[in-house]
């Protein structure tokens, strides 16, 4: 039953992380504003591009709206994964408890 603590902790961390994540739109690479210059910090509506980097290699660009949608989908996916892991742990713990010897209501031979 102790092995079920790992997915429970992971699920709780994923769920809490997704619920407390900032709604600020952050470019994972180089943020280019309307003036064509790169700027640090979060993106703002109207920013023309966000260079998405994989290490130091550009793999694509996103607009403000695309990056906002991507971050929203990541938060939702993290919440879904957290709920799934917590459910898995709870069901597993319940089944392990029911199958353990000496549990009231368990099959006794």
In a GNM of the chain with a 10 Å cut-off on Cα contacts, which of 72, 18, 56 has the highest mean-square fluctuation?
56
Which of these values of Rg and Dmax of the Cα atoms in Å was calculated from the structure shown: (i) 12.6, 35; (ii) 14.7, 48; (iii) 22.0, 79?
(iii)
q = 0.15, 0.19, 0.24, 0.25 Å⁻¹: log10 I(q)/I(0) that the Debye formula gives for segment 1-52, counting C-alpha atoms only
-0.57, -0.67, -0.84, -0.87
For helix 64-99, what angle does its Cα long axis make with the longest principal axis of the chain, in degrees from 0 to 90 and rounded to 10?
10
Extended-chain gain in nm, criterion 0.36 nm per residue less alpha-carbon gap, residue 23 and residue 87
20.4 nm
Under a Gaussian network model of the chain whose springs join Cα atoms within less than 10 Å, the largest fluctuation of 44, 76, 98 belongs to 98
Along the Cα→Cβ direction, 7 angstrom out, place labels at residue 99 and residue 72. What is the inter-label distance in nm?
4.2
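Over the chain, what is the relative contact order in percent, taking alpha-carbon pairs closer than 8 angstrom and at least six residues apart? Can you show the working numbers first?
Numbers: 140 pairs, mean separation 35.1, N = 109.
For the chain, the relative contact order is 32 percent.
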Pick from 70, 48, 20: which is most flexible by mean-square fluctuation in a GNM of the chain where alpha carbon atoms under 10 Å apart are linked?
20
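Since every read-out is calculated from the coordinates, none of them should be taken as a lab result. Because the structure is predicted, anything quoted here is derived from the model rather than measured. So basically every Cβ, Gly included, is an ideal-geometry build from the backbone, and we count neighbours across all protein chains shown.
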